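Asker: First the structure, then my questions, so here it is.
The values are calculated or read from the model by the stated rules, or taken from the named source; none is laboratory data. Bear in mind that the values here come from a model prediction, so they are computed numbers and not experimental data. Neighbour counts run over all protein chains shown; Cβ positions are idealised from the backbone, glycine included. Accessible surface areas use protein heavy atoms only, side chains included; no ligands, DNA or RNA. Shrake-Rupley method; radii C 1.70, N 1.55, O 1.52, S 1.80 Å.
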Amino acid sequence: MRIVNPVQCDPGLTLARSYLIDEGFTDVQFVNKAFTSREWITDRLADFACAHSEFAVGAIDAGLPLVVLTGLHSGCLELWVKDGIANYDDLRGKRIAVRVVGVSDMFYAWFAILLGWVGIPLTEVDFIPALGPDDYDGMVNNFKEGRADAVLAGGAEGPKLRRLPKSPGHVLLETMTDKPWSQYFCCSLVANRDWARLNPIATKRVTRALLKATNDAGKDHSKAAHDAHASGVASVFFADETLVTETMAMCTYNWRDVDPEETLRFFALRLAEAKLITKTPQQILTQGTNFAYMRQLRSELKA
């Protein structure tokens, strides 16, 4: 099985190899591709990946063969803004950094959801795109260098911004603690739907192995950071163990507790209201989810 390289908020996925071997897999490959890009699906580069909820909803609506199998955790995202922006209403007329302007970019989609939720039309902000759909660094640099007034800092980016000698701004929203975001999954385990349909037993085994590893990581962040670094998987993300533990502290590893249907229903409804998707929330759930394994594993795996 092939899985897209995880990042600092999900070190457990780097540690799943032994569990996958126990499940009968002999060839486990980690694919060096951004999980926030649709290319791993469209070009069939991998079979599994993490995915943010807005990414999953947009991909399913676009007809891509993606199926959501289980939530992994909530949290891990921070809305950073320039000083002088004290509340959501202050975002009116401001410049917002994204990779590209469109629902295929999860950062644009997330802002569309936030702005709709607080009652700000998309036309009342100025989206500042980076150089392309994979230009995450360019998006963040637009904020750090003053070309944008707000950015969604994903995973380790928040701790990185806090480490800068001069802070580029402050945090307006933390998805780990601020409702409604804290009530929903941020990151989920997703699969290529065609692979999952052809290999239903293997899909359950992958899900079980990855959730076991996620459980282990959530119990001891320092050990997870150390072991992820030692694994050699996605070394660009796990070289700094302190950064990994700081990122994990922004997450709640609550796959047993959060309702995955309600998560996707919330994100789908908001994106539909913004006219960025055409499918209803129920169509998204019917066409792009299979939570049967997760429900079985909630009972099977001890807390």
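Asker: So for segment 133-238, if I pair up every lysine 8 or more residues apart or on another chain, how many of those pairs have alpha-carbons under 30 Å apart?
Answerer: Lysine pairs meeting both conditions in segment 133-238 amount to 15.
Asker: Relative contact order for segment 173-303: what percent, with Cα pairs under 8 Å and sequence separation of 6 or more? Working shown, then result.
Answerer: Numbers: 71 pairs, mean separation 33.9, N = 131.
Normalised by residue count, the contact order of segment 173-303 is 26 percent.
Asker: Can you give the accessible area of Cys50, probe radius 1.4 Å, in Å² rounded to 10?
Answerer: 10
Asker: Between 0 and 90 degrees, rounded to the nearest ten: what's the tilt of helix 200-219 against the longest Cα principal axis of the chain?
Answerer: 60
Asker: Please work out the FRET efficiency for the pair Glu145 and Phe25, using the Cβ-Cβ distance as r and a Förster radius of 25 Å; give the result to the nearest 0.05.
Answerer: Numbers: r = 44 Å, r/R0 = 1.77.
Using R0 = 25 Å, I get an efficiency of 0.05.
Asker: Using a 1.4 Å probe, what is the accessible area per residue for the chain, in Å²?
Answerer: Numbers: 12230 Å² over 303 residues.
Per residue, the chain has 40 Å² of solvent-accessible surface.
Asker: In the chain, what % of DSSP beta bridges are antiparallel (nearest 5)?
Answerer: Details: 22 of 32 bridges.
The antiparallel proportion sits near 70 percent.
Asker: Hey, another quick one. When the accessible area of segment 116-250 is computed with all protein chains present and a 1.4 Å probe, what percentage of it is carbon and sulfur?
Answerer: Values: 3230 of 6140 Å².
Whole-percent figure for carbon plus sulfur exposure: 53.
Asker: Output the relative contact order of the chain, whole-number percent, from Cα pairs under 8 angstrom with separation of 6+ residues. Don't jump to the answer; show the numbers that get you there.
Answerer: Values: 567 pairs, mean separation 95.0, N = 303.
Worked out over the chain, it gives 31 percent.
Asker: Something else: About the Cα centre of the chain, how large is the charge dipole given +1 on each Lys and Arg Cβ and -1 on each Asp and Glu Cβ? Please answer in debye to the nearest 20. Write out the running numbers ahead of the final one.
Answerer: Values: 33 positive and 37 negative charges, 94 e Å.
I would put it at about 460 debye.
Asker: For every helix of n ≥ 4 consecutive DSSP H residues, a contribution of -39,500 (n - 2.57) applies; sum these over the chain, divide by its total residues, and give [θ] at 222 nm rounded to the nearest 500 deg cm²/dmol.
Answerer: Helix-only estimate at 222 nm: -12000 deg cm²/dmol.
Asker: Let me ask another. So the label point goes 7 Å from the Cα of Arg256 along Cα→C-beta, right? Which residues of segment 218-232 then have their backbone N under 13 Å from it?
Answerer: 218-219
Asker: For the chain, what number results from the quotient of the Cα radius of gyration and 2.2 N^0.38 Å?
Answerer: Values: Rg = 18.3 Å, N = 303, 2.2 N^0.38 = 19.3 Å.
Ratio of Rg to 2.2 N^0.38 Å for the chain: 0.95.
Asker: At 1.4 Å probe size, put Asp227, Asp105 in order of accessible surface, largest to smallest.
Answerer: Working: Asp227 45, Asp105 0 Å².
Ranking Asp227, Asp105 by accessible area, largest first, yields Asp227, Asp105.
Asker: Something else: By how many nm would the segment from Asn32 to Ser18 grow when fully extended, if each residue of separation counts as 0.36 nm and the alpha-carbon distance is taken off? Don't skip to the end; give the middle numbers.
Answerer: Values: separation 14, 0.36 × 14 = 5.04 nm, distance 2.00 nm.
Taking Asn32 through Ser18 to full extension adds about 3.0 nm, to one decimal.
Asker: Calculate, for Arg295 and Asn199, the FRET efficiency according to 1/(1 + (r/R0)^6) with r their C-beta to C-beta distance and R0 22 Å; round to the nearest 0.05. Mind showing how you got there, number by number?
Answerer: Values: r = 19 Å, r/R0 = 0.88.
Efficiency, rounded to the nearest 0.05: 0.70.
Asker: Keeping all protein chains in place and using 1.4 angstrom, which order do His226, His73, His221 fall into by accessible surface area, from largest down?
Answerer: Details: His226 95, His73 0, His221 55 Å².
Per-residue accessible area, sorted high to low, gives His226, His221, His73.
Asker: OK, next. Starting from a Cα-only point model with no solvent, please compute log10 I(q)/I(0) by Debye for segment 154-292 at q = 0.18 1/Å.
Answerer: -1.25
Asker: Further question on the same structure: For the pair Ala62/Lys166, report the inter-label distance in nm, with labels modelled 7 Å from Cα in the Cβ direction.
Answerer: Placing both labels 7 Å beyond Cα along the Cβ direction yields 3.8 nm.
Asker: Could you give the size of the charge dipole of segment 16-158 about its Cα centre, using +1 on the Cβ of each K and R and -1 on the Cβ of each D and E, expressed in debye and rounded to the nearest 20? All intermediate terms of the calculation are to be shown ahead of the outcome.
Answerer: Values: 11 positive and 21 negative charges, 37 e Å.
The calculated dipole for segment 16-158 is roughly 180 debye.
Asker: Excluding ligands and nucleic acids, what accessible area in Å² is computed for Ile201 using a 1.4 Å probe, to the nearest 10?
Answerer: Number for this one is 120 Å².
Asker: Cα axis of helix 260-273 to longest principal axis of the chain: angle in degrees, 0 to 90, nearest 10?
Answerer: With rounding to tens, the tilt is 30 degrees.
Asker: Counting only the heavy atoms of the protein chains, how much of Lys144 is accessible to a 1.4 Å probe, in Å² to the nearest 10?
Answerer: 80
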